[in-house]
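One structure is given below, encoded as structure tokens.
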DNA sequence: ACAGTCACG
DNA sequence: ACGTACGTGACTGTC
């Protein structure tokens, strides 16, 4: 017996679209409907094992139903673009599944399906399952035909046969159209009889069988009901007609064309890769088939653990090694436990437990020398991390030519995982396990048996090798070749060196500061308990909320998902109401300093060196900035004097040396001036004016002497807003003014800085057109949500489109300066060392005799790192610690 | 693991 | 009308 599955394509696509959260691939295509559709198809194939398959689609805007009834489906919301753009993908997907698909101008999918079920009914010897979200289709149910109605979600369906319809409605399948004739259907704009809903309609049908039966017997009805039925008889007849599926569509399709014999793995895998359905790719087994190019099956690879006696063989094959992987346990490479190295050659892969390199044998030394030699071109995964790991063990890795991790970041900086496993999926390479699956996670972390470990790490090295060519191609295609080789890759080594060097912390001073904070906190804590009249955990927002808003009955300003908001903004508004508020604000400030900057920092100081070694993350921030961890040295307090004092504990590592800081002044606004070519803004920087004062003069239309501190403050906020991708709401929040006033400021700003307005308009348009924005150095960020119909998502993407080229170009510039400064220090044989980067600031430690040289050199390098049409300005300062150098 | 809060540019 | 300024990381409390 044959089994035919008929899919109502439009209905299912809609279902999937609204049932699933937004989802898009890296080129900005929305894919949630396609994803839902895919899971549905896979489930049907597995559970039903059909012999025939067809997906039917609606075609043409106007069907015969519109000709009969112009309002048909009127008032229905237009299909959002996020969905309509998925239909072509859906077509491709069905093709990749090897299934028949069909549409016919002037007919809807349900008419095609209705016609096929009629043919099946006549033909006999076949079972049909129709999959749809449309209850009307129940009218097609027969002995041979069942309807699978989607329930919540997408893959869950309820299978209706005659018995179930009888049980649920007490109706025969053909009476479904009578039901709809009476009750109508708001979503298709089918009227029915007003005031008749499902309950009444069913009662009437149980009594009179059909619409016609009800109308004939209208006289027997009572009161309002009688009136309604008589008045709307024509609507009822028409509604029934509209609801009736047309089952005589002139189909030319031959039965054989619907035959389904399964999909071809490579075609489907290719489609999944295009759509970036990573979880499906990983879950499904696409092996088999005759394709020589492996597919995703776990090919067996030649892998060997290098034992003490095998070192000579290893040394022999070193020239053939093309890929290297360094594995260690722990997130922080500065204190991670080394596991070992995997060295890949075309013929065989070698796993080298790290102990092999520490045996002091001639062979071990040869391997170390090889690692440090520039005379090779290896592919690696995360060169920066590998360099740090090896550097702590006295090995200075060189000769790395390509880094698939760093390349993956440039190709899509918003991708959060960037795991090797994820990359193999994306590039259709043999499956690789996730680290978590091999090592376990958190407390369960465990290094597996040697053979498992060897196999896994060798597979990693093989994957790195195989990813290299396609990823280089992609980098080239997106114009980021130079960014990679000229900037990011050299930077990785510069960062590793800075981090390994570390920065000295005066732990005694830090502890003393901690004690002062501790006694102050103690005092404030008691003041708070006294003022509140009770003791509670001030650090608990929940308890604090209860005290302030329930016990003390203070007015609630703002709420969070879970309760009352007690953040600084709220507390500042409450300050006049109760003396406890001021204490709480102060307590918060000091307790933050104590926990994060005293205790937190002390934990990160290495006992052996007395230094902290932050880990700069080069592949985290979507804009191209660095981030800093363990500890984060990019958010050390400065704005408030109390916190700023922390900076005193960051000191030079040698007596008599100084800390030198160099800040870019207004780098983002200068970048904006260059990108937008705005005349006024460029002129301001060409004359090196105080940009906020100048903005105030222009926006408020006053002379320099008339600009008071408040005007300057407001102008400064406007400038910030411009950089962030301005909105009146955001500015109004920041300045505590009304939205209208904020909108006025913005309008006045744009009236003066017309080039900036032009840039903002252009960049958003370009983002919509290309799906991404770029920095001056071609760093790219995709913004799939720029075309969203959801206002919030779209607005966010628009602001990001405005901000990313600015913030990202500033990041490009300081990165360039770092690489150039590193070269400069080497070239001039200076002893000064670069210690930190804080987005627009570099920190060095310098010996006394290099202070003047360095002041000049740093400013020169930073100011000329990239030539813009406005000058870059750098302010340099020195002092005995980070606090004094500013 | 997540939410709330707050430190920085 | 919609409701957020852009980009990060660390700590505490709570579930």
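So here's what we get for this one:
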quantity	calculated
Antiparallel bridge percentage (DSSP; both residues within chain A; nearest 5)	65
Cβ-Cβ FRET estimate between residue A:710 and residue A:863, R0 fixed at 41 Å, reported to 0.05	0.80
Rounded Å value of the spacing that divides the Cα centres of region A:480-497 and region A:388-434	14
Mean shadow area of region A:286-502 over all directions, Cα convex hull, nm²	12.9
Exposure proxy ranking, count of Cβ atoms within 10 Å, fewest first, for A:1, A:225	A:1, A:225
Helix-only [θ]222 nm of chain A, DSSP H runs n ≥ 4, -39500 (n - 2.57) each, per residue, nearest 500	-14000 deg cm²/dmol
Packing-based ranking, highest mean first, of A:191-201, A:804-814, A:631-641, A:9-19 given that Cβ atoms within 10 Å are counted	A:804-814, A:9-19, A:191-201, A:631-641
Inter-site label distance for residue A:703 and residue A:218 at 7 Å from Cα along Cβ, in nm	8.6
Extension gain from residue A:255 to residue A:312, taking 0.36 nm per residue of separation minus the Cα-Cα distance	13.7 nm
Footprinting exposure proxy for A:43, A:501 (fewest neighbouring C-beta atoms within 10 Å first)	A:43, A:501
Among A:545-552, A:161-168, the order from most to least packed when residues are scored by Cβ within 10 Å on average	A:545-552, A:161-168
Spacing of the two label points (7 Å from each Cα toward its C-beta) at residue A:559 and residue A:231, in nm	4.2
Global form of region A:94-135, assessed from the alpha-carbon gyration tensor, a/c cut-off 1.5	oblate
Three-way shape call for region A:1-115 based on the alpha-carbon gyration tensor, with the a/c threshold at 1.5	oblate
Segments A:649-655, A:821-827, A:255-261 sorted - mean Cβ within 10 Å per residue, highest first	A:649-655, A:821-827, A:255-261
Estimated D of region A:566-656 in µm² per second, where Rh is the Kirkwood radius over Cα pairs and Stokes-Einstein applies at 10 °C, 1.306 mPa s	101
FRET efficiency for residue A:375 and residue A:92, using Cβ-Cβ distance with R0 set to 35 Å, rounded to 0.05	0.15
Cα-only radius of gyration and Dmax that characterise region A:668-809, units Å	15.3, 47
Between region A:832-886 and region A:607-645, the alpha-carbon center distance in angstrom	18
Antiparallel content of DSSP bridges confined to region A:2-258, in %, to 5	25
Exposure proxy ranking, count of Cβ atoms within 10 Å, fewest first, for A:687, A:334	A:687, A:334
Value in Å of the Kirkwood radius, where region A:769-844 supplies the Cα pairs that are averaged	14.5
Region A:668-809: relative contact order as a whole-number percent, Cα under 8 Å and 6+ apart	25
Cα Rg, Dmax (largest Cα-Cα span) when computed across region A:455-503, Å	14.7, 40
Shape of region A:694-751, Cα gyration tensor, a/c cut at 1.5	prolate
Cα-projected label distance for residue A:769 with residue A:748, points at 7 Å along beta-carbon direction, nm	3.4
10 °C / 1.306 mPa s Stokes-Einstein diffusion coefficient of region A:2-258, Kirkwood radius on C-alpha pairs, µm²/s	82
Residue-span extension gain [residue A:172 to residue A:567] - 0.36 nm each, minus C-alpha spacing	136.0 nm
Whole-Å distance, taken between Cα centres, linking region A:1-70 and region A:547-579	50
Helix A:109-123 vs. chain A, principal-axis angle (Cα, 0 to 90°, nearest 10)	50
Convex hull (Cα only) mean projected area of region A:510-647, reported in nm² to one decimal	10.5
Rel. contact order, % - alpha carbon contacts under 8 angstrom, at least six apart, region A:2-258	20
Relative contact order for chain A, counting Cα pairs under 8 Å that sit 6 or more residues apart, in percent	10
Degrees, to the nearest 10: A:851-863 long Cα axis against longest axis of chain A	30
Alpha carbon convex hull of chain A, volume per residue in cubic angstrom	238
Length gained when the stretch residue A:417-residue A:608 is fully extended (0.36 nm per residue, less Cα-Cα span)	65.4 nm
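Computed from the coordinates by the stated procedures, all read-outs in this text should not be read as laboratory data. Quick caveat, the model's predicted, so the values are computed rather than measured. With ideal geometry, Cβ positions are generated from the backbone for all residues, glycine too; neighbour counts draw on all protein chains shown.
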